[in-house]
Amino acid sequence: MRAVLPGIEFHAFLDALGVAVYTIDAQGGITYFNEAAVVLWGRRPDLGEPWSGSWRLYWPDGRPMPHDESPMAAVVQQDRPIPGVEAELERPDGTRAVFVAYPTPLRDKSGGLVGAVNVLVDITERRKAEEALRAAAEALAASNMVKDEFLGLVSHELRTPVTTIFGNAHLLRSRSGMLATEEMDSMLTDIADESNRLLGIIENLLLLTRLGAGPPPDHEPQLIAHVTRNSVDGYRQHHPERSISLEVEPGQMVVEADRGHLEMLLDNLLTNAAKYSPASTQIEVTVSVDDHEACVTVLDRGIGIGDADTGQLFTAFYRTEAAKLRANGLGIGLAVCQRIVDSLGGRIWARPREGGGTEAGFALPLAVVSPD
C-alpha cells in the first residue's frame, strides 16, 4: 500500500512552518506531525495515537468532542473532505486554543484510502481581536464617518490574509493527491506568511487597545542591545532576502521595559522600513548611548515621509498618500510604537533621511543599576 504522503525533505519543510499539519493512516493512527502542531497541542503525542494529538477537544458550543468524532475521524469514516470545522482544544497545562481544521483524505495511486492530512489554523487571537474590534467600534460610535472607515480598513486587512489561508487550505484539502511538491510548497508557504501577517495585525490591534486602557505592564531591566540584536536576527531569519546591518555602540545599556513590548516596537519599525523601501536596499539599525538615554535608530532608503506632518505619523489609522500607493496597511504600527515608548517614559521620532528614505527611532531612559 503506497500513500500519497510527503517525503523526508518535505517533512523538514513542514517542520519549519508556523501552521500545524499532521497525518494519520487509514486506521486513524498518527503517522506524522510538525513542530507547529506540537506547539498548538501543547504536547508531543506518540506516533500511532488515534485521530488527533490534542489532549482534549470541544465543539464551539463547549461540548466535549470525542477524538473518534473529530473532523479527522469523519474524513476517514465518510471517505470525503470535510469543510473547515471550528473547534477548541485544551492543552495539558489547562490553556486553550480555538482552531479551524481542514482535513482531507489521502489516497494511493489506485485511489484507495490510505489516511488523511489535516491543516490546523489557530484563530485564538482572531477571536480575541474580534472582541477588541467590537469595543473599538463602540468607542467610535460618536463619529459614523470615522467608525465606518475604521471597520472598512480592518475588514479589508483581515479579509486578505484569511482569504489566502482559506483558499490554499481548500486546495490542499481537495487536490492534495494531485498537487506537485512545488505547488504544495508554495501553498503552504503562503499559508504561513499570511498567518504571520494576520497575527501581526491582531497583535498590534490588541496592544493598541491594552496600552490605551488598563493597568501598565510590569517592567524589568532589559539589555537594549541584546533585545535589538535578537529582534534583528529574528527578522533576518523570517526575511532572508532582506539585508539588514546592525551597529551597536559599546557600553552597558539597561532600560526598564517589558521585553515583549520592546520586541513589538522593534518589529514594527523594521517592518515599516522593509515595506516602504526597495528589497534591493539595505536597512541599517544602530544602537547608541549617552549619559541618560539608550537610542535605537532604523534607517532605510525608501519612499520617505514627504511633506507629512511628523506628528500625524504616530496617529492611529493615519497613512500618507505615498504609503497608500506603496502597500496595504491599517496605519497602526507607528501608533503602537508611540504608545509603547510613552509607557516607558521615552521619546520617538520619524524624519526624512539625508540622501532619501526615512530615519525612525526611539530613545529610552537608562535604568539606574545598583552596584553589587
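Here are the numbers for the structure shown:
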read-out	value
Scan of the range 247-287 for residues that are open to solvent by less than 50 Å² (accessible area, probe 1.4 Å) and part of a strand (DSSP E or B), ordered by number	V248, V254, V255, A257, I283, V285, T286, V287
Cross-chain or 6+ apart pairs with Cβ under 7 Å, the range 122-135 first and surrounded by 15 or more Cβ atoms within 10 Å (Cβ to Cβ), then part of a loop (DSSP other than H, G, I, E, B) and charged (D, E, K, R)	none
Selection from the range 92-121 of residues that are open to solvent by 10 Å² or more (accessible area, probe 1.4 Å), among the hydroxyl-bearing types (S, T, Y) and in a strand (DSSP E or B)	Y102
Pair list, Cβ < 7 Å and 6+ apart or interchain, from the range 17-45 residues that are under 14 Å from D122 (Cα atoms) and touching a residue at least 12 places away in the same chain (Cβ under 8 Å) to residues that are open to solvent by less than 10 Å² (accessible area, probe 1.4 Å) and among the hydroxyl-bearing types (S, T, Y)	A37/Y22; W41/S54
The range 267-281 residues that are within 16 Å of S245 (Cβ to Cβ), paired with ones that are outside any loop (DSSP other than H, G, I, E, B) (beta carbon under 6 Å, 6 or more apart)	L269/V298; L269/A360; L270/Y235; A273/I283; A273/V298
Selection from the range 25-63 of residues that are within 19 Å of A87 (Cβ to Cβ), part of a strand (DSSP E or B) and not hydrophobic (A, V, I, L, M, F, W, C)	P50, R56, Y58
Any chance T23 is over 27 Å from the mean Cα position of the chain (by Cα) and at pLDDT 90 or above	no
Given (1) modelled with pLDDT under 70; (2) over 17 Å from the mean Cα position of the chain (by Cα); (3) open to solvent by less than 40 Å² (accessible area, probe 1.4 Å); (4) not polar (S, T, N, Q), number of the condition L158 does not satisfy	(2)
L266 being hydrophobic (A, V, I, L, M, F, W, C) and modelled with pLDDT of 90 or more	yes
Condition check for I305: modelled with pLDDT of 75 or more, surrounded by 19 or more Cβ atoms within 10 Å (Cβ to Cβ) and not in a loop (DSSP other than H, G, I, E, B)	no
Residues of the range 27-40 classified as within 14 Å of V119 (Cβ to Cβ) and touching a Leu at 6+ places or on another chain (Cβ under 8 Å), total	5
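Residue-wise test of (1) modelled with pLDDT under 85; (2) in contact with an Asp or Glu (Cβ under 9 Å, 6 or more places away or on another chain); (3) not hydrophobic (A, V, I, L, M, F, W, C).
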| residue | (1), (2), (3) |
| --- | --- |
| T286 | no, yes, yes |
| V296 | no, no, no |
| L299 | no, yes, no |
| G311 | yes, no, yes |
| F317 | yes, yes, no |
| L325 | yes, no, no |
| L334 | yes, no, no |
| R339 | no, no, yes |
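The values are calculated or read from the model by the stated rules, or taken from the named source; none is laboratory data. Being a predicted model, the structure only gives us computed values, none of them experimental. Quick reminder, even Gly has a Cβ in these numbers, built from the backbone with ideal geometry, and neighbours come from all protein chains shown. Heavy atoms of the whole protein, side chains included, go into the accessibility calculation; ligands, DNA and RNA do not. Shrake-Rupley method; radii C 1.70, N 1.55, O 1.52, S 1.80 Å.
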